[in-house]
Amino acid sequence: MNFEPIVVNKSMKQALKLPLIALAMTLLSVGCFFLDPPEYGLLGGAARILDKFGPAGSADFVAKSFSVFASLFFGTCFIYTLKRIGAKNPVLLVNAKGITDNTSAMSLGFMPWEEIKEISLLKISGEEFIAFSLENEESYLKKISAKKRILIQANKKLGYKTVCINLDGTEEYPRDLVLKLKEIQRKIKEEKQQ
């Protein structure tokens, strides 16, 4: 089947949002580390309990530990999202051979049309995702890194599909793209049956 490939690129305006949020959270976390011992603001009731029943300075230790963890987490997010901005490849590429997903750290990469069993729209906390069920999921899971496999299996335990594509950071609407993908898949199946 011949059709014009669908190329979904990131929107610079949208793509800059995530690194800026991650940078702000990193700076906020670092700033919290340098605050004097919490006056119960950062940890609330937990700090009061630690001060009353825990060893001396335990509330301060917990607050500082939390801010170090948050700084590392959001700093890593900042670096990752910054790297993603510089990537030249499209976020999503759809052609006659299949779909290439480069949307996230959990992306499977290329999925041929023969392996895509079902395409659907999934809504999680008000956010729309394009969800795929694959014919031979286990073979795909064996090909990817352990980190990706753990994240995908965690998603599956929550009842989600193996592949969930978020188009945040692009100008494309998941609902519109799902309709296009289903139509392409239908035409490819019809063509193979002839």
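The values are calculated or read from the model by the stated rules, or taken from the named source; none is laboratory data. Quick caveat, the model's predicted, so the values are computed rather than measured. Using ideal geometry, Cβ is built from the backbone for each residue, glycine included, and neighbour counts are taken over all protein chains shown. Accessible surface areas use protein heavy atoms only, side chains included; no ligands, DNA or RNA. Shrake-Rupley method; radii C 1.70, N 1.55, O 1.52, S 1.80 Å.
At a glance:
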quantity: Residue tally, condition touching a Leu at 6+ places or on another chain (Cβ under 7 Å) and more than 16 Å from Val91 (Cβ to Cβ), over the stretch 124-160; calculated: 6
quantity: Filter pass, Tyr140 being farther than 29 Å from Leu16 by Cβ and of a type in the set (Phe, Trp, Tyr); calculated: yes
quantity: Answer residue from the stretch 128-147, given it is touching a helix residue (DSSP H, G or I) at 6+ places or on another chain (Cβ under 9 Å) and open to solvent by 50 Å² or more (accessible area, probe 1.4 Å) and is modelled with the highest pLDDT among those; calculated: Glu135
quantity: The stretch 88-106, subset without any contact (Cβ under 8 Å) to a residue 40 or more places away in the chain and not charged (D, E, K, R), residue farthest from Ile184 (Cα to Cα); calculated: Asn89
quantity: Selection count, the stretch 176-186, where residues are touching a residue at least 12 places away in the same chain (Cβ under 8 Å) and open to solvent by 90 Å² or more (accessible area, probe 1.4 Å); calculated: 2
